[in-house]
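What follows is a set of notes on a single structure, which appears directly below.
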Amino acid sequence: MAGGNYKKIFKDGIWNENPIFRQVIGICSTLAVTNLMLNSLIMGLAVIFTIAFSELTVSIIRKFTPRHVRMIIQVLIISVYVIIVDIFLKAYYPEMSKALGPYVGLIITNCILMGRCEGFAQNNPPVKSFLDGIASGLGYTFILLSVSFVRELFGFGTIFGFKVLGDWWTNWTIMVMPPSAFFILGVIVWWARSKTEKEEKEKEGGTALS
Amino acid sequence: MIDINPMVIFLAAIFTNNMIFSYFLGMCSFITVSNEIPTALGLGQAVTFVTTATALINYLLYKYVLVPLNLEYLRFIVFIITIAAFVQLLEMIVERYFPSLYYSLGIFLPLITVNCIVFAVSLFMVIRNYTFLQSVGYAAGSGLGWTLAIVAMAGAKQRIKNNNLPKGLEGPGITLIITGLMAIAFVGFSGIVQIQ
């Protein structure tokens, strides 16, 4: 029972309730860092860390928090973890910190974090919330990486900085520029939505038959 | 950075460095609220006002409180508290003294706290070392640029409302693709004025 529950949390976070293509929230800071895969990966890790620990903290103190100030408390908890990430990056990966620039700070206003804290951690025990945070973060990172995979492959002919396409490849400048990110994400959302649509139809058809 | 005219920064923030089309910020409400032009315009005005006002407050706080005390790393928390408190205060004042305005704009105010661009403007302003006037120009420009984008999007969405789309593309999918097309148009502005 418990094991199945945890599996469900992960499946929900990564696919069924993936924050980006189900609810289309939290893409503010998603797209700007998707020009290179490495940036996306670091950004994804930062988000996983922040969201998991914020949910844990919110969940631990959920019984002592007065309801009408809970929003501001959640924001403060999130900011604390974002500051930790920011200081950590500055100290150990100064180049990465420069490349991500203000986008690390912008994790605070990412709707996913508030959404998960308010929607899940507020009503669930700490361990479950922590895992839910990791799952949502993974779902988010997954999208980041798929967008940046396309952009880096066609824009620079590389993956994680390694050359995969030979010298014959002409870089597509459009992929380096912002508009491409909108197109790629749009297509991903389209694909994901049509897929669920089909699944739901099959399910409905199945129940009608039985 | 010191010698750029604030007016240039203002224009650049609207056209060449548009918050949506080149930094992807403020997308959440951009996608959900862009269905009707009047609503979009209302939200745009509210965002512009809040962005400018909070950028002013945050600039003063950062320059005269955080920097002298060597507490720059606390800026995330301080900025977000300023924004949340300002929006709350504004909501109360508007509700009390301008009821008609409250009914047209009031519903948007809580949304603004989590709008990325309000916070982003404060962060960019600090990172790029803008002076006071430059910050004002930048904040107002960013807000107006965002308004321009969301109103244009609302217009486009109204035109395609009755057209048949593939099922999965409806809603956010098509919004993202239209945004991409608009972003290409805005790329045409690049090079007119240059800020970082």
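The values are calculated or read from the model by the stated rules, or taken from the named source; none is laboratory data. Quick caveat, the model's predicted, so the values are computed rather than measured. When we count neighbours, we look across all protein chains shown, and the Cβ atoms used for this are built from the backbone with ideal geometry, even at glycine.
Tabulated values for the structure
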quantity: Test: residue in segment A:186-204 that is surrounded by 14 or more Cβ atoms within 10 Å (Cβ to Cβ), in contact with a Pro (Cβ under 6 Å, 6 or more places away or on another chain) and touching a residue at least 40 places away in the same chain (Cβ under 8 Å); calculated: yes
quantity: Where B:Val94 falls short, out of the listed (1) of a type in the set (Val, Ile, Thr); (2) farther than 29 Å from B:Met153 by Cα; (3) touching a Gly at 6+ places or on another chain (Cβ under 8 Å); calculated: (2)
quantity: Flag for B:Ala154 being within 17 Å of the chain's Cα centre (by Cα) and at pLDDT 85 or above; calculated: yes
quantity: Every residue from segment B:139-177 that is away from chain A (no Cβ under 12 Å) and outside any helix (DSSP H, G or I); calculated: B:Ile160, B:Lys161, B:Asn162, B:Asn163, B:Asn164
quantity: Selection status of B:Glu91, more than 28 Å from A:Ala32 (Cα to Cα) and within 14 Å of chain A (Cβ to nearest Cβ); calculated: yes
quantity: Hits in segment B:32-47 (condition: more than 10 Å from the chain's Cα centre (by Cα), assigned to a helix (DSSP H, G or I) and surrounded by fewer than 20 Cβ atoms within 10 Å (Cβ to Cβ)); calculated: B:Thr32, B:Ile37, B:Pro38, B:Thr39, B:Leu41, B:Gly42
quantity: Residue among B:Leu61, B:Leu71 that is within 14 Å of chain A (Cβ to nearest Cβ), surrounded by fewer than 23 Cβ atoms within 10 Å (Cβ to Cβ) and of a type in the set (A, V, I, L, M); calculated: B:Leu71
quantity: Residue among A:Ile78, A:Ile107, A:Ile134 that alone is crowded, with 16+ Cβ neighbours inside 10 Å, within 23 Å of A:Lys7 (Cα to Cα), modelled with pLDDT of 80 or more and out of contact with any Gly (no Cβ under 6 Å at 6 or more places or on another chain); calculated: A:Ile134
quantity: Restricting segment B:178-192 to residues that are at the interface with chain A (Cβ under 8 Å from one of its Cβ atoms) and buried (at least 19 other Cβ atoms within 10 Å of the Cβ), the residue that is nearest to B:Ser34 (Cα to Cα); calculated: B:Thr179
quantity: Residue, nearest to the other protein chains (Cβ to nearest Cβ), within segment A:168-197, restricted to residues that are in a helix (DSSP H, G or I) and polar (S, T, N, Q); calculated: A:Ser194
quantity: Qualifying residue in segment B:98-112 (condition: more than 9 Å from chain A (Cβ to nearest Cβ), among the aromatic types (Phe, Trp, Tyr), without any contact (Cβ under 8 Å) to a residue 24 or more places away in the chain and surrounded by fewer than 16 Cβ atoms within 10 Å (Cβ to Cβ)); calculated: yes
quantity: Yes/no for B:Gly26 being within 25 Å of B:Thr179 (Cβ to Cβ) and touching a Leu at 6+ places or on another chain (Cβ under 9 Å); calculated: no
quantity: Segment A:77-101, subset in contact (Cβ under 8 Å) with a residue 12 or more places away in the chain and small (Gly, Ala, Ser), residue farthest from the other protein chains (Cβ to nearest Cβ); calculated: A:Ala99
quantity: Yes/no for A:Ile73 being in contact with a helix residue (DSSP H, G or I) (Cβ under 7 Å, 6 or more places away or on another chain), part of a helix (DSSP H, G or I) and either more than 13 Å from chain B (Cβ to nearest Cβ) or modelled with pLDDT of 80 or more (or both); calculated: no
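Here's the yes/no breakdown for (1) farther than 18 Å from B:Val136 by Cβ; (2) in contact with a helix residue (DSSP H, G or I) (Cβ under 8 Å, 6 or more places away or on another chain); (3) within 14 Å of chain A (Cβ to nearest Cβ); (4) in contact (Cβ under 8 Å) with a residue 40 or more places away in the chain:
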| residue | (1), (2), (3), (4) |
| --- | --- |
| B:Phe21 | yes, yes, yes, yes |
| B:Phe30 | yes, yes, yes, yes |
| B:Ser34 | yes, yes, yes, yes |
| B:Thr48 | no, yes, no, yes |
| B:Phe79 | no, yes, yes, yes |
